[in-house]
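Student: Just passing along the structure, written as structure tokens.
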Amino acid sequence: MQLPVAWSLVLVVAAVWNLVVWPQFWRRVTKDPRARDEAGRPTRFYTVHAVLVGVSVVLAVLVGVVGVLGLVG
């Protein structure tokens, strides 16, 4: 894969940033009173944020892999 080193570093930094930020956000979401109803079941608030965080973490890993491949390739 031909990717300039500068762009590879940008991708790696973006991946690390997302892998640091999203899990912290998820911890706040799970503690939010809107995350569960009176019976303790997950609400739409919880579900929407679970999907958002899940997709963001998967994308962060993929971006990180591309960045690392650009650095070593």
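Bear in mind these aren't lab numbers, they're just calculated from the coordinates by the rules spelled out. Bear in mind that the values here come from a model prediction, so they are computed numbers and not experimental data. Note: ideal-geometry Cβ built from the backbone for every residue, glycine included; neighbour counts use all protein chains shown.
Student: Rounded to the nearest 20 debye, what is the charge dipole size of the chain about its Cα centre when +1 sits on each Lys and Arg Cβ and -1 on each Asp and Glu Cβ?
Tutor: 240
Student: Quick one: helix 44-72 against the long Cα principal axis of the chain, what's the angle to the nearest 10°, folded into 0 to 90?
Tutor: 10
Student: Measure nothing but the geometry: give the 0 to 90° angle between the long axis through the Cα atoms of 5-31 and the longest principal axis through the Cα atoms of the chain, rounded to 10°.
Tutor: Value to nearest ten degrees: 10.
Student: May I ask you to work out the translational diffusion coefficient for the chain at 10 °C, viscosity 1.306 mPa s, via Stokes-Einstein with Rh from the Kirkwood sum over Cα pairs, reported in whole µm²/s?
Tutor: After rounding, the answer is 117 µm²/s.
Student: Taking H as built 1.01 Å from N, whose amide H comes closer than 5 Å to the amide H of THR43, not counting residues under 5 places away?
Tutor: Residues meeting the criterion, in which the H sits 1.01 Å from N, are ARG36, ASP37.
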